Amino acid sequence: MMKQILKYIPGVLLLLIFNICTAQHELRLGLKGGMGIPNLKASGNNPVSSGWSSRLGPYAGAIAEVRLSDRLYLQGELNYASQGGKTNGIQAIATSELAAYITPGTVLPPYLYANFKSEVKINYLELPILLKLNFSAEKAFSFFINGGVYAGYLLSAKNVTGGSSNVYLDDTLKQPLLPATISFDQSTDIKENIKKFNFGLQAGFGISYDLPNKNRVILTGGGNYGLVHLQ
């Protein structure tokens, strides 16, 4: 039931902002570009999910802004957002993923360990709908805060690994399993393992500078928090 509801969120939000835009005279359109610092968080005690850190990823899109009052605006965006995380060093691997290197019938623990690097790249098309509160400053400068919700649709997901290592029975790498090292250089498509739809909360702040001919340059920062488990 929840998946069916999430499937219609982007269309409903686009219809909402279109209806408001057509009823207003002051509409601003723009482009945005920058970098995101996404981070994966895991629940539970699964060793495969531990040790991940943030990675840099492109974040860019288009903005439509409608004035509701002197200070209040409705802002809709359509953004390409690269998310995920990375880790480098000793990592746990599900034993089932190394079946090609293990003699059939060998009894092993559920997790093995190796020393390599891994980066998960999850790319979304995101649609935030935000309320923006604007405050005028000196001359052409102003600053603002915004907040609202966003919906995301999964475009692609890959796990890119690299390096070479033996495989070990313990996380201290003192009990090697194989007679030699193996290569971890590969890129694996994991899109089927990730949920297609995501949604959450988003907020930010920034400053803007008015240019001639009603143009504007904006410097902004903020963050969003997903409310859906990706897997």
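Points worth noting:
- Hits in region 189-223 - residues which are open to solvent by 60 Å² or more (accessible area, probe 1.4 Å), under 24 Å from E119 (Cβ atoms) and of a type in the set (S, T, N, Q): N193
- Residues in region 191-206 that are of a type in the set (A, V, I, L, M) and modelled with pLDDT under 95: I194 only.
- For region 1-49, the set of residues classified as modelled with pLDDT of 80 or more and under 18 Å from the mean Cα position of the chain (by Cα) consists of K32, G33, G34, M35, G36, I37, P38, N39, S49, listed by residue number.
- Criterion (hydroxyl-bearing (S, T, Y), over 13 Å from the mean Cα position of the chain (by Cα) and either under 30 Å from S208 (Cα atoms) or open to solvent by less than 40 Å² (accessible area, probe 1.4 Å) (or both)) met by exactly one of S54, S118: S118
- Listed by first and then second residue, the pairs linking a residue in region 29-42 that is of a type outside the set (A, V, I, L, M) to a residue that is part of a loop (DSSP other than H, G, I, E, B) and surrounded by 13 or more Cβ atoms within 10 Å (Cβ to Cβ), with Cβ atoms under 6 Å apart and 6 or more places separating them unless they lie on different chains, are N39/S54.
- Residues satisfying the stated conditions in region 151-165, i.e. in contact (Cβ under 8 Å) with a residue 60 or more places away in the chain and open to solvent by 80 Å² or more (accessible area, probe 1.4 Å): Y153
- Residues satisfying the criterion are absent from region 131-146 (criterion: over 30 Å from N215 (Cα atoms), touching a residue at least 60 places away in the same chain (Cβ under 8 Å) and either over 31 Å from the mean Cα position of the chain (by Cα) or open to solvent by less than 10 Å² (accessible area, probe 1.4 Å) (or both)).
- Matching residues in region 123-142 - criterion: being modelled with pLDDT under 95 and either out of contact with any strand residue (DSSP E or B) (no Cβ under 9 Å at 6 or more places or on another chain) or not basic (K, R) (or both): N134, F135, S136, A137, E138, A140, F141, S142
- Each residue in region 190-215 was checked for being charged (D, E, K, R) and out of contact with any strand residue (DSSP E or B) (no Cβ under 6 Å at 6 or more places or on another chain), and 3 pass.
- Residues (under 19 Å from M35 (Cα atoms) and either outside any strand (DSSP E or B) or of a type in the set (A, V, I, L, M, F, W, C) (or both)) located in region 117-144: V120, I122, L125, L127
- Filtered residues of region 166-181 (kept if farther than 15 Å from P47 by Cα, open to solvent by 60 Å² or more (accessible area, probe 1.4 Å) and part of a loop (DSSP other than H, G, I, E, B)): K174, Q175, P179, T181
- Residue match in region 209-217 (condition: under 26 Å from L29 (Cβ atoms) and in a loop (DSSP other than H, G, I, E, B)): yes
- Taking every residue in region 76-97 that is open to solvent by 10 Å² or more (accessible area, probe 1.4 Å) and pairing it with any residue that is in a helix (DSSP H, G or I), at least 6 positions away or on another chain, the pairs with Cβ-Cβ distances below 6 Å are A92/P47; A92/V48.
- Residue match in region 87-100 (condition: charged (D, E, K, R) and either touching a strand residue (DSSP E or B) at 6+ places or on another chain (Cβ under 6 Å) or modelled with pLDDT of 95 or more (or both)): no
- Residue that is modelled with the highest pLDDT, among those in region 52-76 that are among the polar types (S, T, N, Q) and assigned to a strand (DSSP E or B): Q75
The values are calculated or read from the model by the stated rules, or taken from the named source; none is laboratory data. Being a predicted model, the structure only gives us computed values, none of them experimental. Ideal geometry is used to build each Cβ from the backbone, glycine not excepted, and the neighbour counts take in all protein chains shown. Note: accessible area is taken over every heavy atom of the protein model, side chains too, but ligands, DNA and RNA are not part of it. Shrake-Rupley method; radii C 1.70, N 1.55, O 1.52, S 1.80 Å.
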